[in-house]
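Every read-out reported here was derived from the displayed coordinates using simple, explicitly stated rules and does not represent laboratory data. Please read these numbers as outputs of a predicted model, since none were measured by experiment. Cβ placement follows ideal geometry from the backbone for every residue including glycine, while neighbour counts extend to all protein chains displayed.
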Amino acid sequence: MNILAIDFVEIFKLETSIAELVIRGSFFYIALLFLLRILPRRTGGELEMMDLVFILLITEAAAHSLGDYKSVTDGIIVILTMMSWSYLMNVLSFHFSFFEKLIKARALPIVKDGKLLRKNMRREYLTVDELWEHLHQEGIDDLSEIKIARVEGDGKISVVLNEK
């Protein structure tokens, strides 16, 4: 029994058809993109939604190719499929505003002219205390200073102050 014997043919041999791997990778990419799109903006943290989808799926595919599959090639095909989808979504959202609106969440106003927009805050599950915490970090102590504050598509809160 040779401990260092490596069967490279077995490591790189396809266990699943390429078409099935591409379909699986495509389905999971699109499904996860859709599911994360319907969540509030702040759920994903500081990452853009497409970046989060990409990282999650690449990690999953890499984990399978390192352990669950015997074939590294299966994992690489799934990873390439997901990378292709990510690239395609970036290109389509750059060239067609329809795709950008479909994929990226628009900024949602939460304060306008010094007034809280509570309905929008509820949509984002943003409490008044959380908003004040962020405003205090920005050095803002009075809502009347704010022209508009928004929850951006990546979950960050941006603030535009009134002109003095």
What list of ³J(HN,Hα) values in whole Hz, one per residue of segment 82-93 in order, does the Karplus curve 6.51 cos²θ - 1.76 cosθ + 1.60 (θ = phi - 60°) give from phi, with Gly and Pro shown as x?
-> 5, 5, 5, 4, 4, 5, 4, 5, 5, 5, 5, 6
Taking the Cα-to-Cβ direction at GLU152 and at LEU102 and moving 7 Å from each Cα, how far apart do the two end points lie in nm?
-> 2.5 nm
How many angstrom lie between the C-alpha centres of segment 117-138 and segment 1-34?
-> 44 Å
